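Trainee: What follows is a structure written as structure tokens; I'll ask about it next.
The values are calculated or read from the model by the stated rules, or taken from the named source; none is laboratory data. Predicted, not measured: the structure shown is a model, and the values here were computed from it. Note that we place each Cβ from the backbone using ideal geometry, even for glycine, and neighbour counts take in every protein chain shown. Just the protein is used for accessible areas: all its heavy atoms, side chains included, with ligands, DNA and RNA removed. Shrake-Rupley method; radii C 1.70, N 1.55, O 1.52, S 1.80 Å.
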Amino acid sequence: MTLNEIAKKMCAKGKGILAADESTGTIAKRFKSINVENIEKNRLNFRQTLFNSSAMKDYIGGVILFDETIRQKTTLGPSIPELISKHGAVPGIKVDKGAKPLAGSNTETITEGLDGLRERLKEYYDLGARFTKWRAVYKISNEFPSAQSIKSNAHALARYAALVQEAKMVPIVEPEVLMEGSHNIDKCYQVTTAVLNECYNELKIHKVDLKGTVLKPNMIIPGSECKDKASAEEIAKKTLDCLKKNVPEDVPGIAFLSGGQSEVESSKNLNEINKINDSNFLITFSYGRGLQASALKEFGKNQENLENIQKAFNHRAKMNGLSSKGEWTEDSEKESAA
Ligand code: 5MM
């Protein structure tokens, strides 16, 4: 398959991406919230339960894994990448080493992981990965994000993407403008515009073939502390407008992060975007919390009750599958849950 074909398969209409690449520290937080011990056996049990659910075949085009997970063998027989491929989804891998303090800028971060990346990519390809992910993080405040953060993170994203294409995999480019803060929706629009522009500027300098990439952006939404709430219609209109103006047409797929929105909110907003999507972009989800929150709760209640865990995951995957086609409704939410 060409990189363009892989990117389109990951974001095919009705499907999206499951972000299950929580690093050990992040999954520790998630497990703590449900009183589950953060040990390898439990991490494998939760993840293989999701990857073996019936929703995988119909609604999941790709799964982003963490280094530990891509190396694991399931207790069901196949390895984790084999299990994912068996359902027709593409296995992928998070290759960044996390957001670290950016020297010279108070509290901002730079995503690290370029050293030795060429060698790691070869290993991940041999383990079955066909796409990768790198997440850059930007904070909004009166002084942030700084030009230093916007430029250095875009540069790293572009160097990452060029290496990934050299290794014959599709890079997911994830510049996440955080939702935390009291800024309004227009500030989010303005910052996301600056961030996307710099990213595509650097990707061009580094000769990345955009047809073989997927963008994973934030939606254009007000900060979580903002008093002025926005309707799903306004979020959709501003998000689509921002993407059409700042993402080159060669990019085949755009898969949003949920970023702290509730499960239903992230489905509803994605649905509204697709209802008015008059671009050529395949627009879908690449959710972590937006797909897993309910399933995680069930896992916390009883780790052995695979049926309930899978039921919760199947429901969210189905809802987001509908949203990726602009076919989600409040009623479908209730019917499927029942
Ligand atoms: C699943 O979480 C991902 C990994 O986070 P860490 O590297 O911090 O452990 C994260 O990058 C995720 O893929 C995106 O933020 C999307 O997840 P949400 O929960 O925002 O949909």
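Trainee: If you check LYS237, LYS275, which single one turns out to be in contact with a helix residue (DSSP H, G or I) (Cβ under 8 Å, 6 or more places away or on another chain) and open to solvent by 10 Å² or more (accessible area, probe 1.4 Å)? Before the answer, list the steps.
Mentor: Values: LYS237 fails: in contact with a helix residue (DSSP H, G or I) (Cβ under 8 Å, 6 or more places away or on another chain).
One residue alone meets the criteria, LYS275.
Here's the yes/no breakdown for (1) over 21 Å from SER323 (Cβ atoms); (2) away from the ligand (no atom under 12 Å from the Cβ); (3) among the basic types (Lys, Arg):
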residue: GLU22; (1), (2), (3): yes, no, no
residue: PHE46; (1), (2), (3): yes, yes, no
residue: ASN52; (1), (2), (3): yes, yes, no
residue: MET56; (1), (2), (3): no, yes, no
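Trainee: Here's a follow-up. Name the one entry in GLY92, GLY104 that is more than 22 Å from ALA167 (Cβ to Cβ) and not polar (S, T, N, Q).
Mentor: Numbers: GLY92 fails: more than 22 Å from ALA167 (Cβ to Cβ).
Within the list GLY92, GLY104, the selection yields GLY104.
Trainee: For the list (1) of a type in the set (A, V, I, L, M); (2) open to solvent by 60 Å² or more (accessible area, probe 1.4 Å); (3) within 16 Å of the ligand (Cβ to nearest atom), I need the number of the one condition that MET1 fails.
Mentor: (3)
Trainee: Among the residues that make up segment 269-277, is at least one of them more than 20 Å from the chain's Cα centre (by Cα) and more than 15 Å from the ligand (Cβ to nearest atom)?
Mentor: Filtering segment 269-277 for residues more than 20 Å from the chain's Cα centre (by Cα) gives 275-276.
Then keep just the ones that are more than 15 Å from the ligand (Cβ to nearest atom); that gives 275-276.
Within segment 269-277, one or more residues are more than 20 Å from the chain's Cα centre (by Cα) and more than 15 Å from the ligand (Cβ to nearest atom).
Trainee: Here's another thing I want to ask about it. Mind listing whichever residues of segment 46-71 are in a helix (DSSP H, G or I) and closer than 20 Å to LYS9 by Cβ? Break it down into steps so the answer makes sense when it comes.
Mentor: In the first step, residues of segment 46-71 are kept if they are in a helix (DSSP H, G or I); the result is 46-51, 55-59, 67-70.
Within segment 46-71, LEU50, PHE51, ALA55, MET56, LYS57, ASP58, TYR59, ILE70 qualify.
Trainee: When ARG130 is evaluated against the numbered criteria (1) among the charged types (D, E, K, R); (2) surrounded by 14 or more Cβ atoms within 10 Å (Cβ to Cβ); (3) touching a Leu at 6+ places or on another chain (Cβ under 7 Å), which criterion, by number, is the only one it fails?
Mentor: All conditions pass for ARG130, except number (3).
Trainee: Does THR111 meet the test of being in contact (Cβ under 8 Å) with a residue 12 or more places away in the chain, surrounded by fewer than 18 Cβ atoms within 10 Å (Cβ to Cβ) and of a type in the set (Val, Ile, Thr)? Step through it out loud before you land on a result.
Mentor: On the way: in contact (Cβ under 8 Å) with a residue 12 or more places away in the chain: yes; surrounded by fewer than 18 Cβ atoms within 10 Å (Cβ to Cβ): no; of a type in the set (Val, Ile, Thr): yes.
When the stated conditions are applied, THR111 does not pass them.
Trainee: Just to verify a result, which residue in segment 23-38, among those that are out of contact with any strand residue (DSSP E or B) (no Cβ under 9 Å at 6 or more places or on another chain) and surrounded by 13 or more Cβ atoms within 10 Å (Cβ to Cβ), is farthest from ALA293 (Cα to Cα)? Steps first, answer last, please.
Mentor: First, the residues of segment 23-38 that are out of contact with any strand residue (DSSP E or B) (no Cβ under 9 Å at 6 or more places or on another chain): 24-38.
Remaining after also requiring surrounded by 13 or more Cβ atoms within 10 Å (Cβ to Cβ): 26-28, 30-31, 34, 36, 38.
On the way: THR26: 13, ILE27: 12, ALA28: 14, ARG30: 9, PHE31: 11, ILE34: 10, VAL36: 14, ASN38: 17 Å.
The selected residue is ASN38.
Trainee: Still on this structure, please answer the following. Counting only residues that are in contact (Cβ under 8 Å) with a residue 60 or more places away in the chain and within 15 Å of the ligand (Cβ to nearest atom), how many does segment 62-103 have?
Mentor: Total meeting the criteria: 9.
Trainee: Looking at segment 6-20 only, could you name the residues that are assigned to a helix (DSSP H, G or I) and either loosely packed, with under 13 Cβ neighbours inside 10 Å or within 14 Å of the ligand (Cβ to nearest atom) (or both)?
Mentor: First, pick out the residues of segment 6-20 that are assigned to a helix (DSSP H, G or I): 6-10.
Once the filter is applied, which keeps residues that are assigned to a helix (DSSP H, G or I) and either loosely packed, with under 13 Cβ neighbours inside 10 Å or within 14 Å of the ligand (Cβ to nearest atom) (or both), segment 6-20 yields only MET10.
Trainee: In addition: For segment 7-26, what are the residues that are over 16 Å from MET169 (Cα atoms) and of a type outside the set (S, T, N, Q)? Steps first, answer last, please.
Mentor: First pass over segment 7-26, keeping only residues over 16 Å from MET169 (Cα atoms): 12-16, 18-26.
Once the filter is applied, which keeps residues that are over 16 Å from MET169 (Cα atoms) and of a type outside the set (S, T, N, Q), segment 7-26 yields ALA12, LYS13, GLY14, LYS15, GLY16, LEU18, ALA19, ALA20, ASP21, GLU22, GLY25.
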